[in-house]
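Notes to accompany the following structure.
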Protein chains: 2
Amino acid sequence: MEVISENRSFGGRQLVYSHPSNTCGCEMTFAAYLPPQAADGPVPVLWYLSGLTCTHENAMTKGGFQEHAAKHGLAVIFPDTSPRGDGVSDDEAYDLGQGAGFYVNATRNPWRTHYRMYDYIVSELRSIVMDNLPVRDRHGITGHSMGGHGAITIALRNAGLFDSLSAFAPITNPTQSDWGRKQLSAYLGDDESSWAEHDATLLLQEYGWKSDLLVDQGSGDQFLDLLKPEALADMMARRRQPGQVRMQDGYDHSYFFVNSFARDHVQWHAARLN
Amino acid sequence: MEVISENRSFGGRQLVYSHPSNTCGCEMTFAAYLPPQAADGPVPVLWYLSGLTCTHENAMTKGGFQEHAAKHGLAVIFPDTSPRGDGVSDDEAYDLGQGAGFYVNATRNPWRTHYRMYDYIVSELRSIVMDNLPVRDRHGITGHSMGGHGAITIALRNAGLFDSLSAFAPITNPTQSDWGRKQLSAYLGDDESSWAEHDATLLLQEYGWKSDLLVDQGSGDQFLDLLKPEALADMMARRRQPGQVRMQDGYDHSYFFVNSFARDHVQWHAARLN
């Protein structure tokens, strides 16, 4: 693991690392914020999964999480959104290939060689973080858009590994959306039965979530038709799932939305992790 | 004045405008954050001047000012750092020409046609903001690096126009620094007597500042030799200038430094403007 950069931030340290990934078969980059409290002992971890086109960097610089993580003593991990590099398959579209891993393990060519973001987040990067950073085995997970999809689907399928869950404007029902059907068919093939384990609404129906769940969604989001917040809200209500979907008046899909509510999400996770 | 973008942010509005500038002879872009309080009546204004290579966008997305401006009811204006466009002279160096206006009115060719950032900030953009946005005639000014230089020099020379002043890692003594001598000679010519009115330390010696002054500087800043915080600190002490220079342990020159202390600066200005 190599340190790419380090910046003092809110009394803690904002680090960027790269490391060879066996899971993805390429060099991977991630960012880690370590709060001041990490100098005195291990702290809980909040995972932030990013959306389409993002790298580890977008939320690290624009999400506004560090201030609140420093206050509450949480580490924050910002993974990349796909494998990267010259030898990694890509697509001209912004929403397939590099920058658009969709947090699945691809089973179809040409993607299956490198596109294993599900295992990368759940297993490999988790181990790297636990082995190398001053964190303890308490994990929250959140994310934005495609990353909100990743956070919910990964948490619901791995309830033993995560202790708190939230999302910003998640893709909630990708088996029924153009943000989902395109990628799931490319990465997993046309048998839609294999898609269900990557659909937050279907997983919630099947498993529920062991604790309460916080979802923020902007009412002015330009991608509401693709995100389908109504699918998740409907299923949460049907299933009597503890939690809340907050429709935030006038907010769009940008980081101006994410950082407006970063405080609430960090507080939410801190209350459940500490 | 044309609206380029608008995003809801912390209950307020983050806007980007463009407008034809008579002063600079080109189209200019600036960002304006309007806090929720601006919906009910005019609010004070905090001007944030950016550093070398920046546009209106860097601090708008990475500075973390909106949350605190929303809390305290301040508008924040983020101007660009130079004239822009195909017809505007430029230089291959990052620290001269576009992105490096240095907040002076150039008197030398080829710069004098467009590079009039001093008048643009002090007069033209001020009028545009006052005439078009829900602000009242209470103005604070701050900035980072070259923008810290701009904030201090503009405030000291126009004490009637500004009510509060702070800076992040300002270039304090450009007549004695390679961040300064190069640009002042290019824009103003080799007669160094014309440079003094753009040197924060020399202006402080001559005029002082009518109120107190807050300066934050990272001790791990990679540009300390160019910024020369000791020149300003020395002059503040000699002149018994009310205020404080805070040497912040380990912080560098990045926006991770700026946003770590954005809260303090917004509070500082709000206490003096409200």
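The values are calculated or read from the model by the stated rules, or taken from the named source; none is laboratory data. Note that this is a predicted model, so its numbers are computed, not measured. Every residue, glycine as well, gets a Cβ built from its backbone with ideal geometry; the counts of neighbours run over all protein chains shown. Ligands, DNA and RNA are excluded from the accessible area calculation, which covers all protein heavy atoms including side chains. Shrake-Rupley method; radii C 1.70, N 1.55, O 1.52, S 1.80 Å.
Odds and ends about this structure:
- Residues that are modelled with pLDDT of 95 or more, outside any helix (DSSP H, G or I) and over 17 Å from the mean Cα position of the chain (by Cα) within the stretch B:250-274 comprise B:GLY250, B:TYR251, B:ASP252, listed in sequence order.
- Only listed residue being more than 21 Å from B:ASN274 (Cα to Cα) and modelled with pLDDT of 95 or more, chosen from B:ALA75, B:ALA39, B:ALA31, B:ALA69: B:ALA31
- Total residues in the stretch A:119-155, condition closer than 17 Å to A:HIS269 by Cβ, outside any strand (DSSP E or B) and open to solvent by less than 10 Å² (accessible area, probe 1.4 Å): 9
- Residue that is most open to solvent (accessible area, probe 1.4 Å) [pool: residues in the stretch A:218-259 that are among the hydroxyl-bearing types (Ser, Thr, Tyr) and in contact (Cβ under 8 Å) with a residue 24 or more places away in the chain]: A:SER219
- Only a single item in (1) open to solvent by 30 Å² or more (accessible area, probe 1.4 Å); (2) away from chain A (no Cβ under 13 Å); (3) not β-branched (Val, Ile, Thr) is not met by B:ALA270, and it is number (1).
Yes/no matrix, rows are residues, columns are (1) in contact with a Lys or Arg (Cβ under 7 Å, 6 or more places away or on another chain); (2) β-branched (Val, Ile, Thr):
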{"residue": "A:LEU226", "(1), (2)": "no, no"}
{"residue": "A:PRO229", "(1), (2)": "no, no"}
{"residue": "A:ARG239", "(1), (2)": "no, no"}
{"residue": "A:VAL245", "(1), (2)": "no, yes"}
{"residue": "A:GLN248", "(1), (2)": "no, no"}
{"residue": "A:ASP252", "(1), (2)": "yes, no"}
{"residue": "A:PHE256", "(1), (2)": "yes, no"}
{"residue": "A:ARG263", "(1), (2)": "no, no"}
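- Consider the stretch A:1-12 and keep the residues that are part of a strand (DSSP E or B) and either away from every other protein chain (no Cβ under 13 Å) or in contact (Cβ under 8 Å) with a residue 24 or more places away in the chain (or both). The one that is nearest to A:LYS62 (Cα to Cα) is A:SER9.
- Flag for B:PHE102 being within 14 Å of chain A (Cβ to nearest Cβ) and among the aromatic types (Phe, Trp, Tyr): no
- Selection from the stretch B:235-267 of residues that are touching a Gly at 6+ places or on another chain (Cβ under 8 Å) and away from chain A (no Cβ under 14 Å): B:MET236, B:ARG239, B:GLN241
- Note on the stretch A:185-200: residues that are in a loop (DSSP other than H, G, I, E, B) and either touching a residue at least 40 places away in the same chain (Cβ under 8 Å) or β-branched (Val, Ile, Thr) (or both) amount to 2.
- The residue of the stretch A:157-200 that is surrounded by the fewest Cβ atoms within 10 Å (Cβ to Cβ), among those that are more than 16 Å from the chain's Cα centre (by Cα) and closer than 17 Å to A:PRO229 by Cβ, is A:ASP178.
- Members of the stretch B:201-214 found to be in a helix (DSSP H, G or I) and crowded, with 20+ Cβ neighbours inside 10 Å, listed by number: B:THR201, B:LEU202, B:LEU203, B:LEU204
- Options B:THR61, B:THR81; residue that is in contact with a Phe, Trp or Tyr (Cβ under 8 Å, 6 or more places away or on another chain) and of a type in the set (Ser, Thr, Tyr): B:THR61
- Looking across the stretch B:81-118, the residues that are surrounded by 17 or more Cβ atoms within 10 Å (Cβ to Cβ) and part of a helix (DSSP H, G or I) come down to B:TRP111, B:MET117, B:TYR118.
- Count - residues of the stretch A:14-70 that are open to solvent by less than 20 Å² (accessible area, probe 1.4 Å), outside any strand (DSSP E or B) and touching a Lys or Arg at 6+ places or on another chain (Cβ under 6 Å): 2
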